[in-house]
Amino acid sequence: MNTTYSFQIYNSTSLLPLEWNSLAVNNIFLRREYLEVLENSCPVNMICDFIGIFDNEKLIGIVLTQFLFAEKLESFGERDQCLKTSVRNFALKNFASHVLFVGNNMLTGQNAFIFDSTAKESKAIKTLHKAITQLKKDLKANGKKVHITSIKDFTIEEIKPLQAEFKNNYTFSTQPNMIFKINENWKTEQDYIDALSKKYRDQYKRARKKSEGIEKQQMSLTDIRKYEDDIYELYFHVAKNAPFNTFFLARNHFSFFKEIMKDDFLLYGYFLDEKLIGFNTLIKNGTVMDTYFLGYDESIQREKMLYLNMLYDMIAYSIKKGFKEIVFARTALEIKSSVGAKPVKMYGLITHSNALINHNIARFFNYLEPKTEWQERNPFK
């Protein structure tokens, strides 16, 4: 019997099928609770939709999409105020200001969909294709024409079945995902330090010495609410100085996240003379620790090597708690490499609604995606 799969698009987590979470057992970022955080405290310029894929009545696939419209954004990254940036911003506004992501633009890695083990992958992907086409029609009916569609963050193996279905898409590769593998023999931070070569052990000691006087504290929901404005300012400072930005978080994002996700979401505050000077966030995802947004006061960051110290703190905590790896994501590749993270190449698919631009999408994409030169380090003996 050759059944066809069907799909259903939901524009609110309250409408998701009851069995949704049974498919998201191994990925917290597709669970109802996380999607609720996303829906209720997502960036101002983002609309989230959720797709269920069914085999008859049975839910066999779950998908996250994010529609980003850039017209509400002040900054596409303030760092490079030059002609190229203004041209890029013009191009973005006119040809790329409405982007539909299949996946999560706020994270790195395959957080786009999960199919049940019983599902036929090629058939499920074909149904996903139909659902995306329908979603674009729905958005257009609401006056939101999608310029670019992107399915993102797959390893070279994961992308192959998608390439087979989405034939007119351009395959692109962005900056790598920095992954820190935790050696199974390490039980404490000291084991990690002992594994470093002398040069990087010295870097560790220097960073730790610089950070003297800084108090680090895991923050409860009450603390996060109390410091919400300070946290946001620190986050915003880092975000707006990034070379390229497609969104800014909602002000209540961190407190809402903590409220819903409880112990799976950790926010650490860094204090100097009782003033909050930085923070970082971690999300527990099974045996994987995902790093999330952070923020700091730039003037103190340099002098105290705060960012590097945060990386060491995340490593120490993840070792102590028995995690297998840390996802350090895409920015600051070199410094993450210097603490032991390794680059994993990530791929995505992109297509443009304008046939002419789509024909030249490779050139267009390379223009929009700033290239980063960096030196890989190996800090271990």
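The values are calculated or read from the model by the stated rules, or taken from the named source; none is laboratory data. Just so it is clear, the structure is predicted and the values come from calculations on it, not from any experiment. Don't worry about glycine lacking a Cβ; one is built from the backbone with ideal geometry, like all the others, and counts go over all protein chains shown. The accessibility values were calculated without ligands, DNA or RNA, using every heavy atom of the protein model including side chains. Shrake-Rupley method; radii C 1.70, N 1.55, O 1.52, S 1.80 Å.
Taking 8 Å as the Cα distance limit and 6 or more residues as the minimum spacing, I'd like the relative contact order of the stretch 177-344 as a percentage.
Relative contact order comes out at 37 percent.
Take the alpha-carbon centre of the stretch 227-286, take the same for the stretch 129-157, and report the distance between them in whole Å.
The two parts, judged by their Cα centres, are 29 Å apart.
Between ASN142 and ARG251, what FRET efficiency comes out of the Förster formula 1/(1 + (r/R0)^6) with R0 = 22 Å and r the beta carbon distance, rounded to 0.05?
Efficiency, from the Cβ-Cβ distance: 0.30.
Excluding ligands, DNA and RNA, what is the solvent-accessible area per residue of the chain at a probe of 1.4 Å, expressed in Å²?
Averaged over the residues of the chain, the accessible area is 47 Å².
Among the listed pairs LYS216/LYS324; LYS258/LYS320; LYS152/LYS199; LYS198/LYS240, give every one whose C-alpha distance is greater than 28 Å.
Exceeds cut-off: LYS152/LYS199; LYS198/LYS240.
Using the basic label-point model (7 angstrom from Cα toward the beta carbon), what is the HIS129 to ASP194 distance in nanometres?
For HIS129 paired with ASP194, the spin-label model returns 5.4 nm.
Between beta-carbons, use under 12 Å as the cut-off and find the net charge around GLN110, counting Lys and Arg +1, Asp and Glu -1.
-2
Counting DSSP beta bridges with both partners in the stretch 177-344, what percentage is antiparallel, nearest 5?
90 percent
First compute the accessible area of the chain with a 1.4 Å probe, then give the percent of it belonging to carbon and sulfur atoms.
51 percent
Which value in deg cm²/dmol, rounded to the nearest 500, describes the helix-derived mean residue ellipticity at 222 nm for the chain, given -39,500 (n - 2.57) per DSSP H run of n ≥ 4 and division by the residue count?
Helices in the chain give a 222 nm mean residue ellipticity of -11000 deg cm²/dmol.
Over the chain, what is the percentage of antiparallel beta bridges among all DSSP beta bridges, to the nearest 5?
Beta bridges within the chain, antiparallel portion: roughly 90 percent.
If you filter the stretch 184-234 for GluC sites (Glu not before Pro), then keep DSSP loop positions with at most 16 other Cβ within 10 Å, what is left?
GLU184, GLU212
Loop only per DSSP, at most 16 neighbouring Cβ atoms within 10 Å: give me the trypsin sites (Lys or Arg not before Pro) in the stretch 109-161, ordered by residue number.
Hits after loop and neighbour filter: LYS120, LYS144, LYS145.
Could you compute the net charge surrounding VAL344? Neighbours are other residues with a C-beta less than 15 Å from the C-beta of VAL344; K and R count +1, D and E count -1.
Here the charged neighbours net out to +1.
Tell me the GluC sites (Glu not before Pro) within the stretch 254-347 that lie in a loop according to DSSP and have at most 16 other beta-carbon atoms within 10 Å.
Within the stretch 254-347, the qualifying GluC sites (Glu not before Pro) (loop, at most 16 other Cβ atoms within 10 Å) are GLU274.
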